[in-house]
Amino acid sequence: MFTVLAVLISALVLATFFTYHSVALDVNVDNSKLRVQSVNKYIDQLDVYLEDMLSATGSKTLFFTSSIMIGNNSYFGNYNSAFVECMVNGKITPISPPWPNSLTINCPDSTYFASKVNYLQNFSRDKLNINPIITINSLTLNQTDPWSVILTLDYTVTINDSYASWKVNKIISKDVSIVGVPDPTYMIVDSSLMSKRYNMNITPYFSSFYYSNYYLEQPSSAHNATINKKYFAWNGAPSFLSRMNNDTTPSACCGITSIVSPANITNQALLAGKCNLDFMFWKNIPLVNTSDYLRYDFWIQQGEEGYYARISYGVYPNDQGLNGSVIPVALKDQLNMTNPNYINFTI
């Protein structure tokens, strides 16, 4: 983080320095004009610096906040507010209950966006002879894409100088990827499944499944996604932000899900009457109408010789990730789960 700051601050220094040399120093150009041009350039460069800092600290905050929820087996109650509080105030005061009364969680400096703003103000005053007051009016968290969130910063920069005064309000936005953030869906689970939740050392991390060449693979494109713990976009699933808020409401723009492999659940009784989409399985959401779901079976077991595939495609028993998964019928076309030889409507 210090290296990033140093590079960005250096860019500001260079931009400000060369502004002084962008106008010929002749008798018709006075110091006031040069000063105004310099400060104007400085204000323009602020957007670049703050956007990069939003990206760097935002990414760290996504990881930190999710990890804190997982480590404490509790959602914040209002994830968006906790996220913003961490970046702006350097701490989180989670909602009680389930969190203890008056609990304060200190955020690491790498997530503390406001501290970077303070550093910039001090540096500008001491090294650039510009004394800005940068006020964070608001910071919001939103989502319009399955694989990233949008950080929107509303800020005001005020500079009072012997030559002129500036007060500029600006709004900037930055997309921050969710890929690599640990998923609390697999860890903060229904009490009946606590003993079967994933070990902390193999917590699934959000990772997208984009490989279009898999969409014609057998037994299904979802087979590779399931084995590799990949997520895919689907408008019947909750968005990343909904997941962080323990909300399973479908998101038309940003829904993502993964499939919990039946092979990873040693107690097969826990699979009865459940859908294998992660948000339904770990939250123990019952199947309201079983006719809306199908079971995908592409292995049969015959005697002591082990497994025989119902398919000619080379899938080995230890790669049976998708086999036996229950998924919504609405998903079968998207994931190439259409072969009638594998479909079982008896859930």
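The values are calculated or read from the model by the stated rules, or taken from the named source; none is laboratory data. Please read these numbers as outputs of a predicted model, since none were measured by experiment. Please note: Cβ atoms are built from the backbone with ideal geometry, for glycine as well, and neighbour counts cover all protein chains shown.
Determine which member of the set Met69, Met53 is crowded, with 20+ Cβ neighbours inside 10 Å, under 30 Å from Asp190 (Cα atoms) and either in contact (Cβ under 8 Å) with a residue 60 or more places away in the chain or among the charged types (D, E, K, R) (or both).
Only one candidate qualifies: Met69.
Any chance region 113-132 includes a residue that's assigned to a loop (DSSP other than H, G, I, E, B) and of a type in the set (Ser, Thr, Tyr)?
Checked against the condition, which is being assigned to a loop (DSSP other than H, G, I, E, B) and of a type in the set (Ser, Thr, Tyr), region 113-132 yields no hits at all.
Return a yes/no flag: does region 232-243 have any residue that is at pLDDT below 90, surrounded by 13 or more Cβ atoms within 10 Å (Cβ to Cβ) and closer than 24 Å to Asp190 by Cα.
yes
Among the residues of region 94-139, what is the count of those that are modelled with pLDDT of 95 or more, surrounded by 14 or more Cβ atoms within 10 Å (Cβ to Cβ) and of a type in the set (Val, Ile, Thr)?
Final tally of qualifying residues: 5.
Inside region 267-293, can you point out the residues that are within 16 Å of Ser192 (Cα to Cα), more than 30 Å from the chain's Cα centre (by Cα) and assigned to a helix (DSSP H, G or I)?
Gln268, Ala269
I'd like the residue in region 72-93 that is in contact with a Ser or Thr (Cβ under 7 Å, 6 or more places away or on another chain) and either part of a loop (DSSP other than H, G, I, E, B) or surrounded by fewer than 17 Cβ atoms within 10 Å (Cβ to Cβ) (or both) and, out of all such residues, is modelled with the lowest pLDDT.
In this case the residue turns out to be Thr93.
Can you find a residue that is of a type in the set (Val, Ile, Thr), farther than 29 Å from Ser148 by Cα and assigned to a loop (DSSP other than H, G, I, E, B) anywhere in region 236-257?
Checked region 236-257: no residue is of a type in the set (Val, Ile, Thr), farther than 29 Å from Ser148 by Cα and assigned to a loop (DSSP other than H, G, I, E, B).
Here are some conditions: (1) modelled with pLDDT under 95; (2) touching a strand residue (DSSP E or B) at 6+ places or on another chain (Cβ under 8 Å); (3) closer than 30 Å to Asn106 by Cα. Thr65 meets all but one. Which one does it not meet?
(1)
Please enumerate the residues belonging to region 177-194 that are in a loop (DSSP other than H, G, I, E, B) and in contact (Cβ under 8 Å) with a residue 40 or more places away in the chain.
Ile178, Gly180, Val181, Asp183, Met187, Ile188, Val189, Asp190 - these are the residues of region 177-194 that are in a loop (DSSP other than H, G, I, E, B) and in contact (Cβ under 8 Å) with a residue 40 or more places away in the chain.
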